[in-house]
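Below: the structure, in structure tokens.
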Amino acid sequence: MADGERRALVTELFGLDGVPPSFDGRLLRTREVALLFQVSERAVTDWARKGRIPSVRTPGGHRRYPADQVRALLLRSGQAAHGGALVRTDGDGS
């Protein structure tokens, strides 16, 4: 199930054929960011606390992450969307 949810998030962030859609203020939950980067939710929270990933707080104290900035961070980290999945683009061919 998580793989299907991750594919849906990647498609939403990167669009079909790599054409990004308009995000209109879309905020991602910690779980969604963790799925995209394939890390634990704790890692995402730690990144936010250390300022490595931008976040905002809801009135209830939960973190949310701007989708456009998460997308940019995915691209800067050497990952790109391809066929609904994120793949490494560091040039080693794997």
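Among the numbered conditions (1) loosely packed, with under 13 Cβ neighbours inside 10 Å; (2) within 18 Å of R7 (Cα to Cα); (3) modelled with pLDDT of 95 or more, the only one that V87 does not meet is (3). Out of everything in region 25-65 that is surrounded by fewer than 19 Cβ atoms within 10 Å (Cβ to Cβ) and hydroxyl-bearing (S, T, Y), what residue ends up being farthest from S77 (Cα to Cα)? Residue satisfying both the conditions and the ranking: T58. For beta carbons closer than 8 Å, sequence separation of 6+ or different chains, a first residue in region 37-55 that is in a loop (DSSP other than H, G, I, E, B) and a second that is surrounded by 13 or more Cβ atoms within 10 Å (Cβ to Cβ) and aromatic (F, W, Y), the qualifying pairs are I53/W47; I53/Y65; P54/Y65; S55/Y65. Beta carbons closer than 6 Å, at least 6 apart along the sequence or on distinct chains, pair a first residue in region 59-73 that is part of a helix (DSSP H, G or I) with a second that is surrounded by fewer than 19 Cβ atoms within 10 Å (Cβ to Cβ) for A67/F23; A67/R26; D68/F23; Q69/P54. Once region 55-84 is narrowed to residues that are of a type in the set (K, R) and at pLDDT 90 or above, the residue that is nearest to the chain's Cα centre (by Cα) is R64.
The values are calculated or read from the model by the stated rules, or taken from the named source; none is laboratory data. The shown structure was predicted, so the numbers you read here are calculated from the model rather than taken from an experiment. All Cβ positions, glycine included, derive from the backbone under ideal geometry; neighbour counts span all protein chains shown.
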